[in-house]
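The values are calculated or read from the model by the stated rules, or taken from the named source; none is laboratory data. Everything quoted here is computed from the prediction, not taken from an experiment. Here Cβ is always computed from backbone atoms with ideal geometry, including for glycine, and neighbour counts include all displayed protein chains.
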């Protein structure tokens, strides 16, 4: 499928620390993502976990286009532990549309979490986050998303350009099926520099230093209205000091 917006500016894995330090974000292709995560190859057999996701019942724009599951994890050294089921919460400062409410999503599929490649991926992201900030422990939230065209249009980021109130954001593009749109836009905070591109390769990865950039994805539309289409992503956020919650400090500690 032709994509009209530019291809992402890819970063070679050895250059990842310098790229994150320099511009606040980086994009890896599927091979580099697998190497980062310690996978023999991209986990193409994970894609069925995106089928049959429960609907997101908290969309305040009245849409029916988002389906998701959610899980929380604590990463300390090489140990990865699943946290008890908890609500996803963001302050209104970072999510004007859905902030300030506890959103209880269905948990991640047990078979996905039990796969050794899952823990390996989380450990690799903690190492990347550790290159940005010193921390003994990382608190990760993982979201399995499907944005579809049930309503004729699907909005990956209905809240618009935003930060997440964490330290590191990782967006894995899992699949694009029969859609147009879904362009990613990344802007520096307090500056004028920004880039736009479309993630299209399955298991390519965008990494964002959340303190330095804001991001959004444009709406998607089906190539064939009768057939529909969807965009699947895995979004993982990592934060120092604890999970975001109503009683937490929404801004991570200073560098």
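Some values worked out for this structure:
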read-out	value
Residue, farthest from the chain's Cα centre (by Cα), within the range 221-241, restricted to residues that are assigned to a loop (DSSP other than H, G, I, E, B) and over 20 Å from residue 127 (Cβ atoms)	226
Tally of residues being over 19 Å from the mean Cα position of the chain (by Cα), free of Cβ contacts under 8 Å to residues at least 60 places away in the same chain and within 23 Å of residue 215 (Cα to Cα) across the range 14-47	3
Criterion violated by residue 90 - all others in (1) outside any strand (DSSP E or B); (2) at pLDDT 95 or above; (3) surrounded by 21 or more Cβ atoms within 10 Å (Cβ to Cβ) satisfied	(2)
Of the criteria (1) free of Cβ contacts under 8 Å to residues at least 24 places away in the same chain; (2) within 26 Å of residue 65 (Cβ to Cβ), which one residue 160 fails	(1)
When residues of the range 29-52 are limited to those that are out of contact with any strand residue (DSSP E or B) (no Cβ under 8 Å at 6 or more places or on another chain) and assigned to a helix (DSSP H, G or I), the one nearest to residue 231 (Cα to Cα)	48
Unmet requirement for residue 208, which otherwise passes all of (1) surrounded by fewer than 18 Cβ atoms within 10 Å (Cβ to Cβ); (2) modelled with pLDDT of 95 or more	(1)
